[in-house]
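Values in this text are rule-based calculations from the coordinates and carry no lab data. Not measured: the values here are computed from a predicted model. Every residue, glycine among them, receives a Cβ derived from its backbone with ideal geometry; neighbour counts consider all protein chains shown.
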Amino acid sequence: MQYHWLIQNNNNKLIVFFGGWSFDYKPFECISSDEYDVLMFYDYNNLEMPCKIPDYESKTLITWSMGVFIAYNLKDKLPQFDKKIAVNGTPFPIDDEFGIPNRTFDLTLKYAETGLQGKFYENVFSDSELLKKYLLNPVERSIKNRVEELEALNEFIRNHPAEYDNSYYDTAIVGNKDKIIPTKNQLNMWQDLAKVIDCGHFPFYNYNSWDEICK
């Protein structure tokens, strides 16, 4: 696992952000915050915490996509948070009812190298304008590294099925146009905790700041 400070301005509030598979910090550099420092974790080729999370007056956890599952599995190594928000993900990342259907995931894994050359990111974003914004600041990790990450995630998920107790996350943001994790499956998982918004799998360009996501 890797980490990166997206924002470090000596604020008294901290967001700990777990990103999704195949991403790094580059596409998030354009997202601002007036109130929060933002520490991002990504690259789940291994699940060893690469740094200690510093103490702040207030701490918010935001997890996205595969990061929802990863953070929950690492919860005993994470601090207490004032708020925990899941974004377009569930603790059951490969699941026909609550996550990515098994057949879809298997195909994604089989053709991961080809998909990462373009098609996968076309599906991540709900329209061409958002994709163009991403392409101004795309992921810098090698395709080989991202394929290996998906292989490692597949092995970990299959060997460590989540036993979610329905009390960790406080709220869930669910995109109504998600092509990666079906909206219906996310709603099956989160039910009354779900806040449905008009977006695809990557909702972050739909917000003006991290502060807005926290609210």
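When the C-alpha to C-alpha distance is required to be over 30 Å, the pairs from Lys144/Lys215; Lys26/Lys177; Lys52/Lys184; Lys75/Lys119; Lys13/Lys184; Lys75/Lys132 that qualify are Lys144/Lys215; Lys52/Lys184; Lys75/Lys119; Lys13/Lys184; Lys75/Lys132. Of the residues Ala194, Thr171, Pro27, the one whose Cα sits farthest toward the positive end of the charge dipole of the chain, with +1 on the Cβ of Lys and Arg and -1 on the Cβ of Asp and Glu, is Pro27.
Applying a DSSP loop filter and a limit of 16 other Cβ atoms within 10 Å to the trypsin sites (Lys or Arg not before Pro) in the stretch 37-77 leaves Lys52.
Can you tell me the length gained on complete extension of the stretch Glu163 to Leu193, counting 0.36 nm per residue apart and subtracting the Cα distance?
9.0 nm
Loop-located GluC sites (Glu not before Pro) in the stretch 96-200 (DSSP state other than H, G, I, E, B) with a sparse environment of at most 16 neighbouring Cβ atoms within 10 Å: Glu97, Glu140, Glu163. Taken about its Cα centre, the chain carries a charge dipole of roughly 300 debye when the Cβ of each Lys and Arg holds +1 and the Cβ of each Asp and Glu holds -1.
Around Ile53, with a cut-off of 12 angstrom between Cβ atoms, what is the net charge of the other residues, counting Lys and Arg +1 and Asp and Glu -1?
Values: positive: Lys52, Lys59, Lys77; negative: Asp37, Asp55.
Its environment carries a net charge of +1.
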